[in-house]
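Comments concern the structure below.
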Amino acid sequence: MSDRRDMAPEGPYPPTDAMLAEKVPQNVQKRQAEELRAAWAPPKGWRYPTAVNNSEVGLWYALTAFGFMLLAGVLALAMRLQLAVPGNDVLSADRFNQFFTMHGSAMMFLFAVPMFEAIAILILPAFLGGRDMPFPRLSAFGFWCFVIGGTFVMGSLLFNVAPTAGWFMYPPLATQDEGPGSDIWLLGLSFIEIASIAAAVELIVGALKCRPPGMRVNIMPLYAWYVLVVGGMILFAFPPLIAGDFLFELERSFDWPFFDPTRGGDPMLWQHLFWIFGHPEVYIVFLPSIAIAAMVVPTVAQRPIVGYSWIVLSAVGTGFLSFGLWVHHMFTTGLPNISLGFFSAASEAVVIPTGIQLLAFAATLIAGRVRMSLPMLWIAGALAIFTAGGLTGVMIGIAPFDWQVHDTYFIVAHLHYVLFGGMVLPVIGGVYYFYPFIRKKMLSDRLGRWAFWLIFTGVNVTFLPMHLTGLLGMPRRVFTYSDGMGWGWLNLISTVGAFVIAAGFAVFVWDLLRPKGSQPRIARNPWDAGTLEWSHDVPEEYWGARSIPHITSRYPLWDDKGLVERMDAGRYYLPDSPHGHRETLVTSVIDATPELAQRVTGPTWITLWAAAFTGGAFIFPTFHMYPPAIICAAFAIVCIVYWLWTATARPPAHEMRDAGLGLRLPTYASGPKAVGWWAVWITMLGDATAFASVVFGFFFYWTAKADFPPEGAQHAAAGWVALATLALVLSWALTLGAREWNRAGRVAAARAALVAAPVLAAGGAGALILSVLDLTPSAHVYPALMWALMVWVSAHALVGIIMQLYCLAGSFAGKLTPRYDADLWNVTLFWHFLCLTALVAGAVIGLAPRVL
Amino acid sequence: MERRAAHARTPVGRSMEPTERDRDRVLPGARAGSVLLGLSMLAACEGRQSVLAPAGADARVLGDLFMVMLVGAVVLWLSVNGLFFYVTRINPAALSKRFANGLIVGGGLLLPSVVLAGLLGYGLSIMPDQRAPGDGLTLRVRGEQWWWRVEYWPEGADAPIVSANEIRLPVGQRADILLDSARVIHSFWIPALGGKMDMFPGRETRLSLHPEKPGRYRGQCAEFCGTSHALMAFEAVAMPPEAFDAWLRQQEAPAAAPATAQGQRGARIFAREGCGACHTVRGTKARGLVGPDLTHVGSRLSLGAGTLGTTLADYETWIAHTGTVKPEVEMPAYDHLDPADRADLAHYLKALE
Amino acid sequence: MAEHQPAPDEERREFREERESLWRITLAPATWAVHFVICYAAAAVVCAKAPDSIGTLRLGIGALTLLALGLIGWLGWRAWVQWDVRTTGDYRNPLGEAEDRHQFLGHAAVLLSVISALGVLYVALPALFIRSCG
């Protein structure tokens, strides 16, 4: 349907050598450059925060994440001071507990994951010779959510009310916790998790649909492969945590006893949901950082990577296997040995792809003529540290050994080796490598070496002794220890090392921030690299690529000497912007054939407002202030609807656009050709995972608890459940019908369907509420879970109704026509998932308790 | 907020020193002069909570496993990083491409697959023994905030022998230890004897331990359990079976009446202050179940769940400054007692052997 | 570079598998994942509801493992054919051509099949070594 003739690209593709050799006249080049410069000009002065361009948002994102990292590092220094000597009293017990909770939470949620997103947003379009990410405003919205949520969570430290139950928030400790600490953690970080998912959607669509023409999957930069894998992992790893947060906050706010064993609940469910997120999380942090190494290593070896397919295998394989490891954080919870065995096995198996990855780097360095550089020094140091962490990982993956060292300083040593080696050092190496790309100046070689050796030494001085500290029996998360344990000297060494690390960071920060006005600009490709980002303009231009090239190899700058010159001349695609629009090229998934000239959104305040109100909707409930929260949520919805209405899927003024090299591309697409459709698809995959996690909760309780559902318990009213399911399915059918009728030109029928569908959806949600109304959710986990499923489905039905009405309004306003129907395609896709959700929820609420 | 402000400063528990000299040490205030003493204690205490000094069958097997893995890890680390060092520093020229490809297949795929499968098999094969059924004696331990409620159930017993904050086990036999918790998750761990096991409210977990060498070891809570998680430890003693049986019989008996006048005064203060509302002293009217059973508290090797020693001064410190020694502990500080009363009470308790 | 570009019609005939093939490389690891989830779920339910049936569980895991290995083997074989390395001798497939893309996806799928088969074998080992639910 979507590839009707009138929307297909026209003209020759791929371009021939003759076409590429043809010169672009100087005056045309000049006009095109001016058009592009005008279209991509960033907002100036007080309007600067309205920028949405990836080069701005990515940079803000990275600096903010780095700032949070420094704060979390200061917390670590304070903790190291407290532990320097036995029986110290620099920090009180409670403050120490706040600090270690926030250190872990901030490093994970405010630094590691956002840093990946930031770097990817900043450089992925450049790797792909693109102009921007497909949804710039979504990046900006995610960034502002991150700033607000992160500041809120970190700010709690200043008021001495920070969460104290550990970054893992185990109930019942965290559910029983008085004061707002745990709520701040749950709501503040849920908010950020949603921003993470938004970034994942953006990055997946970016890597799949926004590659330059000709960049087939076998010649993508490895970084793009990693982004794809990590984006997919975020999509399946974060939703279980969001589902966990949802249940947790229902317990905190309304006393629904999901984790309270006295009322049928089980704290183990949280542990499962948390670690289903928590372990892939480690690889979500590690893979994109090692991806930086995969870009630096070929440059250093001055040859293509050896074992490209092997590294793809490694990334994809690790992505899968990392979901079979979560119970290795729960080896001491008394699960049956055979269950532990499975996770032990997977924990060992995941080492194989990781090892392959490292040896592919080694092989590249062997086969190439190595030209050692400062970024490579950081990467080499990272590998030395990471392999040590990996090898202790092999040890603790063996369940019985973990029974000894679990929750001791051995683990602290292991995880810091992994994270410093697998994340921090490669990322700093990446900063040294990519800084000239971002700022067109070099960082200092001398300071960089100082920073490296200080941090490298510091890491080993701090964390190597901790292995022994742990083996000598020191548990984690203790605010003090007594002087007879023999841990004193080891801790003192670790404390000294921590300050050496801090000194290294001070040097690095100085190098990063010191004024560089007098320094010369860099050469365009200072490292002689082979990938597209080094075709960037010096001095800086905001258009990304002057024209989007046609790519035929993995290292185009090495293999095609005339490429950059042709890009600069505007010989390739989208070299101009005749209507002053920001545009980027959308290509097919596997072979990157051009499909569409996609208009992308520009500067706006609306994303800031949307983020602020979304923040209010999450932050007010922390203090049990529900009316302002609901008002904020309503305003957030209004802002988002306004943003979508004014800036997305507008019928274009010109059906086709001359894209260069004789190719004419459509400017509008709906269905699977449109990036918006992909974004909805990917988002809903994450949403379905979260829903599946709640449903997993039902079967978990059934397995773990002999009395679930309790003998003689009141069930949800089967009649109402059936009615609700039926109404929601009918609403789905009408939405689908509306799409087909609209497309066939039967606009009146489509509008009628779009009037009836929300009514049915509202009725369905209402029936579902009635079905559980007689159950008391605070009495036992069984009715609580029935209510939770009801809340989930009803909330989604509400969103579905807003979407249906949005399409109805679009139809009347002329935004949605039989020809321009992307909105209706996207809404139908949402409803496919909602229909499935309703059917599963109906079966779990209405049928399962009666059958089991 | 107040909750947090109330315990701003926390001196920490001094160590429990097993020698006589320390037991008779005069406290408090010795911190400045205790550097030398601290050094001497190092030798005495070090290794009591160590994975590397196993004294039980389970810990020994795991210690061997660790040594095997440590050697393997060091060899592998040196090989991988030696290779990186060689190709980046010593010989950066382009080397054999064939070798490079072979390295990925051999070093990346084949070697790790075999080594890891072997290690996994080794690890899995020792798991069943680590949880083997016991030889008769069962302990039930419940995690409280922040102490341990302990019951001994010898084979065939109808009622438990109740104790707290100390674990004693006979050498040469395997004991079952059933674990749960009152409110939050804790983890029970005696490194010298074996691996740890978490303790959950509303769910029973099981551990079994087989001490091989008599001696005094130390256990500690390993799962973060709130403000004073750091101060939730216990002494663990492995005894020859006969000595264990004798000790257990002694623990079973009710408390002896105080023999001295000071002890009798202490007993009256104990009753007057309502200590019996929370604590049990079998053989007296004190029947409280909130706090640790104190029937034989004087025979224990630590106070405050492994936080203080057992001198009279330690008893007084604990009675008068509970919240300072152990932040947010549920027992109120009896700092309104005048020094004489405090001394009498300490004397009474220490005599409950 | 451009002389490597075949005409669009030609490539569409020969290497048509465009749409499915990116999913196809994940089929082997997905088989591992399904095997893993079934092993874990079955062990959890058996040990919670009927710990005496662990013998049956272990046999079932053995059978499931053979099934999974068979499936991965078949996927690996198909990928091997697609990779076609014995005819082409090309281990790298570095060019922006449909043929290289086609063979690269075959190569990646072969490697993922190997890893997935190893993963399945590893995950089956506990059923070999552990005989009770304790």
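The values are calculated or read from the model by the stated rules, or taken from the named source; none is laboratory data. None of the values given here were measured: they were computed from a predicted structure. Every residue, glycine as well, gets a Cβ built from its backbone with ideal geometry; the counts of neighbours run over all protein chains shown. Note: accessible area is taken over every heavy atom of the protein model, side chains too, but ligands, DNA and RNA are not part of it. Shrake-Rupley method; radii C 1.70, N 1.55, O 1.52, S 1.80 Å.
Under 20 Å from the Cα of residue A:23, which lysines turn up, not counting those fewer than eight places away in the same chain?
Partners found: A:561.
Just to check, using Stokes-Einstein with a Kirkwood Rh over alpha carbon pairs, what's the diffusion coefficient of segment A:513-580 at 37 °C and 0.692 mPa s in µm²/s?
Details: Rh = 13.4 Å.
Using the Kirkwood radius from Cα pairs, D works out to 245 µm²/s.
I'd like the distance between the alpha-carbon centres of segment A:133-207 and segment A:631-678, rounded to an integer number of Å.
Using only Cα atoms, the two centres lie 29 Å from each other.
Please report the relative contact order for chain A, taking Cα pairs under 8 Å with a sequence separation of at least 6, and give it as a percent rounded to a whole number.
Values: 1461 pairs, mean separation 148.7, N = 852.
Rounded, it is 17 percent for chain A.
Any chance you could list the semi-axes, whole Å, largest first, of the equivalent ellipsoid that the Cα gyration tensor gives for segment B:88-218, using √(5λ)?
Details: eigenvalues 461, 59, 40 Å².
Each semi-axis is √(5λ); the values are 48, 17, 14 Å.
Run the numbers on segment B:261-350 and let me know its relative contact order in percent, using alpha-carbon pairs under 8 Å that are six or more apart. Please report the intermediate quantities before stating the final value.
Working: 129 pairs, mean separation 29.6, N = 90.
For segment B:261-350, the relative contact order is 33 percent.
Can you show me the helix-derived [θ] at 222 nm for chain A, built from DSSP H runs with n ≥ 4 at -39,500 (n - 2.57) apiece and divided by the number of residues, rounded to the nearest 500.
Working: 29 runs with 540 residues, N = 852.
After summing the helix terms and dividing by residue count, I get -21500 deg cm²/dmol.
Long-range amide H contacts for residue A:582: which residues qualify at under 5 Å (H placed 1.01 Å from N, peptide plane, sequence gap of 5 or more or a different chain)?
Hits under the 5 Å cutoff: A:600.
What is chain B's relative contact order, in percent, from Cα pairs under 8 angstrom and six or more apart in sequence? Write out the running numbers ahead of the final one.
On the way: 634 pairs, mean separation 66.3, N = 353.
Once normalised by length, the contact order is 19 percent.
Can you tell me the equivalent ellipsoid semi-axes for segment A:709-851? Use √(5λ) from the Cα gyration tensor, largest first, whole Å. Please report the intermediate quantities before stating the final value.
Values: eigenvalues 235, 28, 23 Å².
In descending order, the three semi-axes are 34, 12, 11 Å.
How big is the B-A contact in terms of buried accessible area, both chains counted, 1.4 Å probe, rounded to the nearest 100 Å²? If you can, show how the numbers build up before the last one.
Values: alone 18800 and 30900 Å², together 41800 Å².
Counting both chains, the buried surface is close to 7900 Å².
So between residue A:714 and residue A:523, what do we pick up on full extension, going 0.36 nm a residue minus the alpha carbon distance?
The span from residue A:714 to residue A:523 would gain 61.4 nm if fully extended.
Could you give the size of the charge dipole of chain A about its Cα centre, using +1 on the Cβ of each K and R and -1 on the Cβ of each D and E, expressed in debye and rounded to the nearest 20? Don't jump to the answer; show the numbers that get you there.
Details: 50 positive and 52 negative charges, 470 e Å.
Once rounded to the nearest 20, the dipole reads 2260 debye.
Mind giving me the FRET efficiency for residue B:213 and residue B:74? R0 is 22 Å, r the Cβ-Cβ distance, nearest 0.05 is fine.
Numbers: r = 28 Å, r/R0 = 1.28.
The value I calculate is 0.20.
Using alpha-carbon positions, what is the distance between the centroids of segment B:178-193 and segment B:331-353, in Å?
Result: 30 Å between the Cα centres.
May I ask you to give the percent of accessible area on the protein assembly as shown that is carbon plus sulfur, with a probe radius of 1.4 Å? Let's see the in-between values first.
Values: 30390 of 46040 Å².
Exposed carbon and sulfur together represent 66 percent of the surface.
So what J values fall out for segment A:540-547 if you push phi through Karplus, 6.51 cos²θ - 1.76 cosθ + 1.60 with θ = phi - 60°, rounded to Hz, Gly and Pro as x?
Couplings: 4, 10, 8, 7, x, 10, 4, 9 Hz.
If a/c stays under 1.5 just call it rounded; otherwise compare a/b with b/c (prolate if a/b is bigger, oblate if not). Do that for chain B, with a ≥ b ≥ c from the square roots of the Cα gyration tensor eigenvalues.
Numbers: a/c = 2.56, a/b = 1.90, b/c = 1.35.
The shape class here is prolate.
Starting from the 7 Å offset along Cα-to-Cβ, what nm value, one decimal, do you get for the label separation of residue A:457 and residue B:85?
The answer from the label model is 1.7 nm.
Go through segment A:692-758 and name the chymotrypsin sites (Phe, Trp or Tyr not before Pro) that are in a DSSP coil and have 10 or fewer other Cβ atoms within 10 Å of their Cβ. Don't skip to the end; give the middle numbers.
Working: sites: A:696, A:698, A:699, A:700, A:701, A:702, A:720, A:732, A:741; in loops: none.
Counting only loop positions with at most 10 other Cβ atoms within 10 Å, none of the chymotrypsin sites (Phe, Trp or Tyr not before Pro) in segment A:692-758 qualifies.
Got a sec to turn the phi values of segment A:140-147 into Karplus ³J(HN,Hα) couplings, 6.51 cos²θ - 1.76 cosθ + 1.60 with θ = phi - 60°, whole Hz, x for Gly and Pro?
With coefficients 6.51, -1.76 and 1.60, one gets 5, 4, x, 4, 5, 4, 4, 4 Hz.
Using θ = phi - 60° and the Karplus relation 6.51 cos²θ - 1.76 cosθ + 1.60, list the HN-Hα couplings for segment B:339-353 in order, rounded to whole Hz, with x at every Gly or Pro.
My calculation for segment B:339-353 gives x, 5, 4, 4, 5, 4, 4, 4, 4, 4, 5, 5, 7, 6, 8 Hz in order.
Modelling each spin label as a point 7 Å along the Cα-to-Cβ direction, I'd like the residue B:256/residue B:204 distance in nm, to one decimal.
3.6
Determine the gain in length on full extension of the stretch residue B:157-residue B:97; use 0.36 nm per residue of separation and subtract their C-alpha separation, reporting nm with one decimal.
Working: separation 60, 0.36 × 60 = 21.60 nm, distance 7.27 nm.
Between residue B:157 and residue B:97, full extension yields 14.3 nm more.
Taking the Cα-to-Cβ direction at residue A:776 and at residue C:80 and moving 7 Å from each Cα, how far apart do the two end points lie in nm?
Reported label-point gap for residue A:776 and residue C:80 is 6.5 nm.
Considering the convex hull of the alpha carbon atoms of segment A:46-101, report its projected area averaged over all viewing directions, in nm², one decimal.
Answer in nm², one decimal: 5.4.
If you take the square roots of the eigenvalues of the alpha-carbon gyration tensor of segment B:201-353 and sort them as a ≥ b ≥ c, do you get rounded (a/c under 1.5), prolate (a/b over b/c) or oblate?
Values: a/c = 1.80, a/b = 1.27, b/c = 1.42.
In terms of gyration-tensor shape, oblate.
How far is helix B:57-85 tilted off the main Cα axis of chain B, in degrees rounded to 10, range 0 to 90?
That helix lies at roughly 40 degrees to the long axis.
Once a ≥ b ≥ c are taken as the square roots of the eigenvalues of the Cα gyration tensor of chain A, is the result rounded (a/c under 1.5), prolate (a/b larger than b/c) or oblate (a/b not larger than b/c)? Present the calculation step by step, with values, prior to reporting the outcome.
Values: a/c = 1.81, a/b = 1.05, b/c = 1.73.
Oblate shape, in that a/c is at least 1.5 and b/c is the bigger or equal ratio.
Compute the orientation-averaged projected area for segment C:23-129 from the convex hull of its Cα atoms and round it to one decimal in nm². Don't jump to the answer; show the numbers that get you there.
Details: hull surface 29.1 nm².
In nm², the orientation-averaged hull projection of segment C:23-129 is 7.3.
Could you provide, to the nearest whole Å², the per residue accessible area of chain A with probe 1.4 Å? Could you put the intermediate results ahead of the total?
Details: 24880 Å² over 852 residues.
Computed with neighbouring chains in place, this is 29 Å² per residue.
Say the dipole of segment A:709-851 comes from +1 at the beta carbon of Lys and Arg and -1 at that of Asp and Glu; which of A:730, A:718, A:744 then lies farthest toward its positive end?
A:744
At R0 = 41 Å, how high is the FRET efficiency between residue A:658 and residue C:88 if r is their beta carbon distance? Nearest 0.05 is fine. Write out the running numbers ahead of the final one.
On the way: r = 39 Å, r/R0 = 0.95.
Step by step, r from the Cβ atoms, then E = 0.55.
Would you mind checking segment B:121-142 for residues with the amide N under 19 Å from a putative spin-label position 7 Å along Cα→C-beta of residue B:182?
B:140-142
With r as the distance between the Cβ atoms of residue B:335 and residue B:277 and R0 = 22 Å, compute the FRET efficiency 1/(1 + (r/R0)^6) and round to 0.05.
0.75
For segment A:151-297, count all C-alpha to C-alpha pairs, find those more than 26 Å apart, and express that count as a whole percent of the total.
That fraction is 38 percent.
In whole Å, what is the distance between the alpha-carbon centres of segment A:297-350 and segment A:741-764?
Rounded to whole Å, the Cα centres lie 48 Å apart.
Please work out how much accessible surface residue A:30 shows to a 1.4 Å probe, ignoring ligands, DNA and RNA, in Å² rounded to 10.
Result for residue A:30: roughly 130 Å² accessible.
What are the lysines whose alpha-carbon lies under 20 Å from the alpha-carbon of residue A:441, with same-chain residues fewer than 8 places away excluded?
Within the straight-line cut-off, residue A:441 pairs with A:516.
Kirkwood hydrodynamic radius of segment A:550-616 from all distinct Cα pairs, in Å?
Working: mean 1/r = 0.0659 Å⁻¹.
15.2 Å is the Kirkwood radius here.
Given +1 on the Cβ of Lys and Arg, -1 on the Cβ of Asp and Glu, and no further charges, what dipole in debye does segment A:709-851 carry about its Cα centre, rounded to the nearest 20?
Details: 7 positive and 5 negative charges, 105 e Å.
It comes to approximately 500 debye.
Looking at the P(r) of segment B:261-350, how many percent of alpha-carbon pairs lie beyond 22 Å? Each step should come with its number before you reach the end.
Numbers: 621 of 4005 pairs.
The answer is 16 percent, as a whole percent.
Provide the solvent-accessible area of residue A:466, counting protein heavy atoms only and rolling a 1.4 Å probe, rounded to the nearest 10 Å².
10
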